[in-house]
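The values are calculated or read from the model by the stated rules, or taken from the named source; none is laboratory data. From a predicted model like this one, the values you see are computed outputs, not experimental measurements. For neighbour counting, all protein chains shown are included, and Cβ atoms are generated from backbone atoms with ideal geometry for every residue, glycine included.
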Amino acid sequence: MGRTDEAELLVNASPESVYAALTSADSVVRWLPPEGMTGSIEHFDARTGGRYRMTLTYADATEAPGKSSADEDVVEGRFVEVTPDVRVVQEIEFESVDPSYAGVMRMIWEVSAQDTRTVVVFRAEDVPSGISAEDHIDGLTSSLRNLAALVES
């Protein structure tokens, strides 16, 4: 079993609003790309057993080259569990010839009510060795901030 990275954020929105943003292709492409990246989705079927394909593109890849090409990270994802207003579990694989990005990474998004707000936890399990822990935590945190900005507006 590989490394696990985790980030958490308290969001000023309901679990239902956060969950909706986790399962909508239009929303995911807006909040998931960390700072310095943009995203596009080829297909997205957010139900247990559904699949998706997403490309994240670096605005400037000079300090963080892409996993799939010089400036892109391409992932194939599978929805393992989709529990409304509670949890979304995905397994993703990077499209890469570099063995340090090989394997299946499990991403778990959990939402839970805290008064009128929502705690959002993003946990990544079996993180490929080519992704540094520091960079990954920064990326997870950036995505969470983007999610909060989207659902709090």
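Quick look at the numbers
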| quantity | calculated |
| --- | --- |
| The range 69-84, subset modelled with pLDDT of 95 or more and of a type in the set (D, E, K, R), residue farthest from Ser17 (Cα to Cα) | Glu76 |
| Residue pairs meeting the criteria (Cβ under 8 Å; at least 6 apart or on separate chains; first farther than 21 Å from Glu42 by Cα and outside any strand (DSSP E or B), in the range 6-25; second of a type in the set (Val, Ile, Thr) and modelled with pLDDT under 95) | Asn12/Thr116; Ser14/Thr116 |
| Positions within the range 45-83 being of a type outside the set (D, E, K, R) and loosely packed, with under 12 Cβ neighbours inside 10 Å, in sequence order | Gly49, Ala59, Thr62, Ala70 |
| Cβ pairs under 6 Å, 6+ apart, first in the range 115-136 and touching a residue at least 60 places away in the same chain (Cβ under 8 Å), second aromatic (Phe, Trp, Tyr) | Phe122/Trp109; Pro128/Tyr101; Gly130/Tyr101 |
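Here is a yes/no grid of residues against (1) among the polar types (S, T, N, Q); (2) within 15 Å of the chain's Cα centre (by Cα); (3) closer than 12 Å to Glu6 by Cβ; (4) surrounded by fewer than 13 Cβ atoms within 10 Å (Cβ to Cβ):
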position: Val104; (1), (2), (3), (4): no, yes, no, no
position: Thr116; (1), (2), (3), (4): yes, no, no, yes
position: Val120; (1), (2), (3), (4): no, yes, yes, no
position: Val127; (1), (2), (3), (4): no, yes, yes, no
position: His136; (1), (2), (3), (4): no, yes, yes, no
position: Gly139; (1), (2), (3), (4): no, yes, no, no
